[in-house]
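Asker: Here you go, one structure.
Read-outs: derived from the displayed coordinates by stated rules, not from any lab. Note that the coordinates shown come from a computational prediction; the quantities given were computed from them, not determined experimentally. Please note: Cβ atoms are built from the backbone with ideal geometry, for glycine as well, and neighbour counts cover all protein chains shown.
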Amino acid sequence: MNKLPLHTPDLTEHNYKALSSLFPNAITETINENGEVVRAIDADVLTQEINTRVVSGKEERYQFTWPDKKKAILLANSPIAATLRPCREESVNFDNTENLYIEGDNLDVLKLLRETYLNRIKMIYIDPPYNTGNDFVYNDEWQVDSKQWLGISGDYDDDGNRMVRNLDSNGRFHTDWLNMIYPRLRIAKDLLTNDGVIFISIGDGEVHNLRRICDEVFGEVNFIAEMVWQKKTGSSDAINIATITESIIMYSKSINSLKLNQDKEAYVEERYKYKDEYFEERGAFYYDNLDRGTLGYHESLDYPVQATDGTYIYPNGRSHQLNDGWRWKWSKEKLQWGINNGFIELRQNSTKSGQWGVYYKIYMHVDNDGKKIVRSSPFKNLLLGILNTHASNEAKEIFGRTGIFSNPKPIELIKRLIKIASGSNDIILDFFSGSSTTAHAVMQLNAEDSGKRKFIMVQLPEICPEDGEAAKAGYKNICEIGKERIRRAGQKIITASKVNDSLPFDQDRPPLDIGFRVLKLDSSNMKDVYYKPQETIAENGELQVDLDGLVDNIKHDRTPEDLLFQVMLDLGILLSSKIEKRQIGGKTVFSVADNNLIACFEHITDDTVTEIAKCKPYCAVFRDSNFDSDATLVNFEQIFKTYSPKTKKKVL
């Protein structure tokens, strides 16, 4: 029976082991700056093994770097012992929703989500601080003590959440922003599916640096587009040029796996102005010339077509074959098929002295091979008709007043991005969620197209300024605003779309999920003795035995449901999974994801273990200190071997 680690993996250790397994002869030892013998990689041996040049030291090479970049990389890979604690009282429909709202520093939250949501997120949208000189930058130097922290922080809450204002007078103006965004993007990439996409809103100040970071993290080949959003129509206070646009950088995880959606609203419906009484199922159509001079000349496509009056037509109205660049779009065989099936018409042009032309019909509902289609075009990188004033109006509709949100994005903007990159059943993540526009957009789009997309919002509980509209309305931090917006928006969508009323008459339409589970980042549920069972460190630096911890290694203020969610994180079970409380063997147990996990944190006997084993869960978790006796612990393995030998057994 194995013990759960209950901390995120150390990726530097993982990478070292991977390299050592591939090239064991490159592993060596050296002396560090403290005179200690440490492990190392022999670059010369590695160069020989991979048969290419390894650049090291000060040798010139193309690279993008900044002060503390190495620390940013280590920060992305370093493990943490933390957890996410459920908060039922702030949630909506906790037991049935598949949506998540997570409060806490997004770097730590992303690390906790990495194993569970590895390759599971289809789309990420983030709107990080733009580094304008007044934006907040997350301070990840979490080693400082509370007194030191209060001395360097420009804004903080009662828990000392790590935020500083990155003023442009700061000598590390760009460096601090780069160190903030880099490790978060490193982890975000791991969460994306192979065909997943990330969108990042960014201002002019860091767009060039963001592109270079993303080229490094996602790969230059995976750049898709720099989308331009026109957020306003003008600016009366501009000094030089009125900036009315903003960039949204778009990268894929793997360009070879990428398949974006098509814009089904891109065609101009008014163009389809003709009807065909013989082929009504094809829909309306319009005509286009079958000859073109821009597709590249092919002699086999420069052939005569006989008109109804017996004359012969060549491309561009010619009377004979000529290599002038013009040719028919279709082959002779395809042309005859088009004539036989009503796709081709030969018409006289009244403006050219009765000259004949060959035209093909472009129908609304079928392609040029007669196959059923939905007309669409690729989405464009220019986002028009969605102004930031729309977001202000949306805030007023939800809260009855303006000024509650600080520079939110319009719902239609996020909906447009979701339409480009996600399917109807995908997970969408926003780890700078702010006022929860992304959650609102997901619910709204689900209501419109009967989708079942799920959202994960992550936000640091930044304190609302005391003189701001949000504080005056009673909101202490941004998380309170974001959660309340989702509550109100969900009810508004339900009322507007009358989803509930339609269900009895339309069983194919899924119920709209307007709920969310609130989870809050906290320290591990386990005492230090869980991770260091032999000893704990006293404040004076001396070693001491923690006798109390040996009796109970779980913190006293933690509930069984707290333990369950840390176990789910450790086992890679989705945090939105269905959770049921059941009575088994006279004890209350948690059954998660249709018996995928059964967890019992109460006192257990042989009978309890037997009944749980008979349920044949994929994984069973118990508290080590809750076994009735040593005999129960001894019998444990044999009981599971008898009733459920494939069950994975873990203890806390």
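Asker: Summing +1 for each Lys or Arg and -1 for each Asp or Glu, what net charge is found among the other residues whose Cβ lies under 10 Å from the Cβ of His603?
Answerer: 0
Asker: Testing the spin-label approximation: label points 7 Å from Cα along Cα→Cβ at Ser497 and Asn596. State their distance in nm.
Answerer: Placing both labels 7 Å along Cα→Cβ, they lie 2.5 nm apart.
Asker: Can you give me the distance in nm between label points at Glu345 and Asp557, each placed 7 Å from the Cα along the Cα-to-Cβ direction?
Answerer: 7.8 nm
Asker: Quick check on packing: order 175-181, 331-337 by the mean number of other C-beta atoms within 10 Å, highest mean leading. Don't jump to the answer; show the numbers that get you there.
Answerer: Values: 175-181: 22.3, 331-337: 14.3.
Put in order of decreasing packing, that is 175-181, 331-337.
Asker: What do you get for the angle between helix 560-571 and the principal long axis of the chain? Use alpha-carbon atoms, 0 to 90 degrees, nearest ten.
Answerer: 60 degrees
Asker: May I pose another question? Can you tell me which lysines have their Cα less than 22 Å from the Cα of Lys332? Leave out same-chain residues fewer than eight positions away.
Answerer: Cα-Cα hits under 22 Å: Lys361, Lys371.
Asker: Counting Lys and Arg as +1 and Asp and Glu as -1, each charge on the Cβ, what is the dipole of the chain about the Cα centre in debye, to the nearest 20? Present the calculation step by step, with values, prior to reporting the outcome.
Answerer: Values: 82 positive and 97 negative charges, 478 e Å.
Roughly 2300 debye, rounded to the nearest 20.
Asker: Still on this structure, I have one more. Calculated from the structure, semi-axes √(5λ) of the Cα gyration tensor in Å equals which of [x] 40, 29, 25; [y] 55, 32, 30; [z] 41, 34, 23?
Answerer: Identified label for the calculated read-out: [y].
Asker: Would you mind calculating the gained length between Ile239 and Lys581 on full extension (0.36 nm times residue separation, minus the Cα-Cα distance), in nm to one decimal?
Answerer: 116.8 nm
Asker: Quick check: the angle from helix 630-643's long axis to the longest principal axis of the chain, C-alpha only, nearest 10 degrees?
Answerer: It is inclined by approximately 30 degrees.
Asker: Among bridges DSSP assigns within the chain, what percent are antiparallel (round to 5)?
Answerer: 65 percent
Asker: I would also like to ask the following. How high is the FRET efficiency from Asp263 to Asp607, r the C-beta distance, R0 60 Å, rounded to 0.05?
Answerer: Working: r = 61 Å, r/R0 = 1.02.
The formula returns an efficiency of 0.45 here.
Asker: Toward the positive end of the charge dipole of the range 559-651, about the Cα centre and with charges on Cβ (Lys, Arg +1; Asp, Glu -1), which of Tyr618, Ile598, Leu563 goes farthest?
Answerer: Final value for the positive-end residue is Tyr618.
Asker: Run the numbers for Thr30 and Asn393: contour at 0.36 nm per residue of separation, minus the present Cα-Cα distance, in nm.
Answerer: Value of the extension gain: 124.4 nm.
Asker: Let me ask something else about it. Can you work out the FRET efficiency for the pair Val45 and Lys380, with r the C-beta to C-beta distance and R0 = 56 Å, to the nearest 0.05?
Answerer: On the way: r = 51 Å, r/R0 = 0.90.
For Val45 and Lys380, the calculated efficiency is 0.65.
Asker: Please give the length that would be gained between Tyr274 and Gln321 if that part of the chain were fully extended, namely 0.36 nm times their separation in residues minus their C-alpha to C-alpha distance (nm, one decimal).
Answerer: Length difference between fully extended and current span is 13.7 nm.
Asker: Which pairs break 21 Å Cα to Cα here: Lys111/Lys253; Lys415/Lys492; Lys3/Lys648; Lys396/Lys476; Lys111/Lys259?
Answerer: Cα-Cα > 21 Å for Lys111/Lys259; rest within.
Asker: By counting other Cβ atoms within 10 Å of each Cβ, how are Ile224, Ile404 ranked from fewest to most? Let's see the in-between values first.
Answerer: Values: Ile224 19, Ile404 24.
Fewest-to-most ranking of Ile224, Ile404: Ile224, Ile404.
Asker: While we're looking at this one, here's another question. Grab the beta carbon distance between Tyr643 and Asn2, set R0 = 25 Å, and tell me the FRET efficiency rounded to 0.05. Can you show the working numbers first?
Answerer: Numbers: r = 19 Å, r/R0 = 0.76.
Result of the calculation: an efficiency of 0.85.
Asker: Would you mind ranking Phe173, Phe379, Phe455 by Cβ crowding within 10 Å, fewest neighbours first?
Answerer: Phe173, Phe379, Phe455
Asker: Grab the other residues whose beta carbon is less than 9 angstrom from that of Ala82, score K and R as +1, D and E as -1, and report the net.
Answerer: Taking every other residue near Ala82 into account, the sum is -1.
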